[in-house]
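Everything below concerns the one structure shown next.
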Amino acid sequence: MKQDVARFVKSSRYNAVITTVDSRSAAMRIGSGLVESNLAACVQIWPVVSVYRWKGRLCRSREYLLLAKTAFSRVDALVAWLRKTHPYELPEIVTVPIRGGLSAYLRWIDCETGRSHREKRQRNKDDRR
């Protein structure tokens, strides 16, 4: 194993963004949209049961939790995109700093959410036309 791949580094340049939705199709649509638009490098989706109080009533709901990994510089755009496309009246949108990770993985997040990656994709689309 390459030493650089296994090297753990501390960093404050990355965030995880958490949200929930009520259906698998909504979760897949949002997860795919975030990755396709380079707002997130990866979105993991899990079925969960949420217990919460809404409008004075105790609720228990089957939901899908989405965990999106992104660069700190993309958090505002990711949150704005979620607010525009999320089906809930009051969506859970929580950001959590990623305090560190494998250096190669963090560079991958940069690559997938960075400007140079988007420009390269646009050039590839233009070349195919």
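The table below gives the values:
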{"quantity": "Extreme residue, nearest to K10 (Cα to Cα), among residues of region 64-118 that are of a type in the set (D, E) and surrounded by 13 or more Cβ atoms within 10 Å (Cβ to Cβ)", "calculated": "D110"}
{"quantity": "Cβ-Cβ under 7 Å pairs, at least 6 apart or on other chains, region 30-56 side free of Cβ contacts under 8 Å to residues at least 60 places away in the same chain, far side in a loop (DSSP other than H, G, I, E, B) and surrounded by 10 or more Cβ atoms within 10 Å (Cβ to Cβ)", "calculated": "L34/A40"}
{"quantity": "Any hit, region 58-80, residues being charged (D, E, K, R) and assigned to a loop (DSSP other than H, G, I, E, B)", "calculated": "no"}
{"quantity": "Residue list for region 82-99, restricted to those being part of a helix (DSSP H, G or I) and either more than 11 Å from the chain's Cα centre (by Cα) or at pLDDT below 95 (or both)", "calculated": "R83, K84, T85"}
{"quantity": "Residues located in region 25-45, provided they are surrounded by 21 or more Cβ atoms within 10 Å (Cβ to Cβ), part of a helix (DSSP H, G or I) and within 10 Å of the chain's Cα centre (by Cα)", "calculated": "I30, G31, L34"}
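The values are calculated or read from the model by the stated rules, or taken from the named source; none is laboratory data. Please read all numbers here as calculations on a predicted model, not as lab measurements. Cβ coordinates were reconstructed from backbone atoms using ideal geometry, including for glycine residues, and neighbour counts include every protein chain displayed.
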